[in-house]
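A.B. asks: Can you keep this structure in mind? I'll have questions shortly.
Values quoted throughout were computed directly from the atomic coordinates according to the rules given, and no laboratory measurement underlies them. The shown structure was predicted, so the numbers you read here are calculated from the model rather than taken from an experiment. Every residue, glycine among them, receives a Cβ derived from its backbone with ideal geometry; neighbour counts consider all protein chains shown.
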Amino acid sequence: MTERRVLVAGVGNVFLGDDGFGVETLRRLVGGGLPDGVDAVDFGVRGVHLAYQLLDGYRTLVLVDATSRGGAPGTVYLIEARTGPVESMDAPALDGHRMGPDAVLALLDTLSAGTDGVPPERVLVVGCEPASLEEGMGLSAPVAAAVDEAVRLIRQVLDAEVNRATGSPPYERKATTC
């Protein structure tokens with residue numbers, strides 16, 4: 001079996017305003033480089049593809065998406081997905097044009113059972129409360145402002161996951177001021 005690694009998956013529809021949060025966050029994350037053992041993929045609206053790729057032996061999934069949970073627009077969440085629903089209960093469970101995190105994870109459970117595939121041990125969602133999911137390109141001001149915060153959060157998660165995999169103590173970041 002190959003070394004189990006981390007997958008950072010950006011999901012969302014860039015034609016539906018803030019639903020493009022995951023795609024934009026992933027673009028900025030990748031621009032800064034990634035540690036060894038971390039794959040980053042823009043899945044866009046291809047939730048079924050994501051579920052199948054997860055059967056390839058990832059230890060951890062970090063799913064990045066617009067996530068409606070009732071907070072103020074631009075609020076960034078870190079959610080341990082197996083502890084409960086990722087999105088509010090009024091979100092559709094399955095939509096052919098947009099599979100939310102809950103639908104992807106449900107499909108993954110079904111595929112794993114049917115194929116003896118091994119799902120990730122840990123599933124985290126870095127989500128952002130959207131202001132608008134209406135047709136149109138571009139993020140709203142509060143969601144655009146949250147992208148850098150989400151990238152910092154994902155980097156912290158990746159540091160912790162890489163250290164967990166290697167048994168190394170966590171890397172200590174020191175704050176600097178100019």
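A.B. asks: Provide the net charge surrounding Gly74, with neighbours chosen by a C-beta distance below 10 Å and charges set as Lys +1, Arg +1, Asp -1, Glu -1.
C.D. replies: Charge balance in the 10 Å sphere: -3.
A.B. asks: Ranked from highest to lowest mean number of other Cβ atoms within 10 Å per residue, what is the order of the peptides 62-68, 25-31, 9-15? Please list the in-between numbers first.
C.D. replies: Details: 62-68: 26.4, 25-31: 18.9, 9-15: 22.6.
Answer by packing, highest mean first, reads 62-68, 9-15, 25-31.
A.B. asks: Whole angstrom only: what separates the Cα centroid of the stretch 17-32 from the Cα centroid of the stretch 133-155?
C.D. replies: Cα centroid to Cα centroid, the span is 7 Å.
A.B. asks: Which of rounded, prolate, oblate describes the stretch 19-61, given a ≥ b ≥ c as roots of the alpha-carbon gyration tensor eigenvalues and a/c under 1.5 marking rounded, otherwise prolate only if a/b is larger than b/c?
C.D. replies: Details: a/c = 2.96, a/b = 1.11, b/c = 2.67.
The shape class here is oblate.
A.B. asks: For the stretch 1-74, what does the alpha-carbon gyration tensor say about shape, rounded, prolate or oblate, given a ≥ b ≥ c as the root eigenvalues, a/c under 1.5 as rounded, and a/b over b/c as prolate?
C.D. replies: The shape class here is prolate.
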